[in-house]
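The values are calculated or read from the model by the stated rules, or taken from the named source; none is laboratory data. Treat the numbers as computed from the prediction; the structure is a model and nothing was measured. Please note: Cβ atoms are built from the backbone with ideal geometry, for glycine as well, and neighbour counts cover all protein chains shown. Protein only, heavy atoms only, side chains kept; ligands, DNA and RNA dropped before computing areas. Shrake-Rupley method; radii C 1.70, N 1.55, O 1.52, S 1.80 Å.
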Amino acid sequence: MKEKAYTLNDWKWRIIGIPLMGTVIAMMIAFEEFLKLSQHFFLSVLFSTLLTLTFWEGNRYIIIWMRRIFPEYSQTGRRVAAEAVLAVAYVFLVSLLLDEIYYKPVYHVSVLAIGFRISIVPTVIVYLVYEAVYFFDAWKMNVRKTEALMRENVQSQLEVLKNQLDPHFLFNSMNTLAALIDDENTAAQDYLEKLSDVYRYVLVSRNKNTVLLSEEIAFVDAYVYLNKIRFRENLQVEKRLSTVALEHYITPLSLQMLIENAIKHNAASRQNPLHIVIRDIDGYLVVENNISEKTILEKSTRVGLQNIINRYNLLTDREVEVKREEARFIVKIPLLRVLAENE
């Protein structure tokens, strides 16, 4: 998974927050000097502000670093835990260095314990503010992605099933048709069974964000079977999938859409059969076919690749890759490790 480039648009917070926090800490430590507005108080404010700047900027870097490692909304617990450990270690290290190079040489006394306790308070405040804002933004983004994904799924359903009949009526009609087919006509019985499997899968998966690749492959096998009745050996589909890949997830009907597009846009003949290869490489599902464009293209639903790209943009940072070579058309879709939320 590619690393996100995180930046924090927090310059206003830093301009206001660092001197404000430095002043407040100085007032807490030297309150009597504050009442007198003595020179010692203003020196305390300057020293406290510089120290706050050191802690703020160091912990800010830790926050950016941890968001790059744990960027997902679901990784909030691990990110916060890692930030807490690193923040405590950083505050202790700075307090120790300050104690060794300033307080002990100048005042001949160690203030490590009290310095650490005082420094940890603004550090906690900074983390609470940053994490609260980040958590709220991530929650809003998650809600927007869920809504957008639902819209994409609805569009896909409408395009794929826009002319569907009532499911119960259709299945009852298929059962009736199966009873009318002669028992010896096994080819017709098999065709009707595969057609039922295809329709059943579309109905079951249409409200899901992701499905197991093994389930999609079983559906595609039935879909290819129906097309091979039409194209015979002019259509060849080869699968080279590892058992590990079959345990990953993809968006439903995406593999079927890629095969449908290959069939729709390419001619298939005995001399030049349409050869489709499905394989997995480095965490991607690769669908590749030879190019033999039809002179007259079939009417397109205009969903296809763009629908797949849109849905994957909502599920992962890894992009769908589309590549057209001189004689090959290749599409790579990311294999997802976990089931998408809101299944």
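Within the range 83-114, the only residue that satisfies the criterion of being open to solvent by 60 Å² or more (accessible area, probe 1.4 Å), hydrophobic (A, V, I, L, M, F, W, C) and not in a helix (DSSP H, G or I) is VAL109. Residues that are crowded, with 17+ Cβ neighbours inside 10 Å and among the β-branched types (Val, Ile, Thr) were ranked within the range 199-216; the one that is farthest from ASN227 (Cα to Cα) is THR210. Criterion applied to THR7, THR49 was being modelled with pLDDT of 80 or more and of a type in the set (Val, Ile, Thr), and the one residue passing it is THR49. Only one of these conditions is not met by GLN236: (1) outside any loop (DSSP other than H, G, I, E, B); (2) among the polar types (S, T, N, Q); (3) out of contact with any strand residue (DSSP E or B) (no Cβ under 7 Å at 6 or more places or on another chain). Which number is it? It is condition (3) that GLN236 fails. Taking the criterion of being within 24 Å of LEU195 (Cα to Cα) and surrounded by fewer than 17 Cβ atoms within 10 Å (Cβ to Cβ), the residues of the range 247-268 that qualify are LYS264, ALA267.
The set of residues in the range 269-291 that are polar (S, T, N, Q) and either surrounded by 17 or more Cβ atoms within 10 Å (Cβ to Cβ) or free of Cβ contacts under 8 Å to residues at least 12 places away in the same chain (or both) comprises GLN271, ASN289, ASN290.
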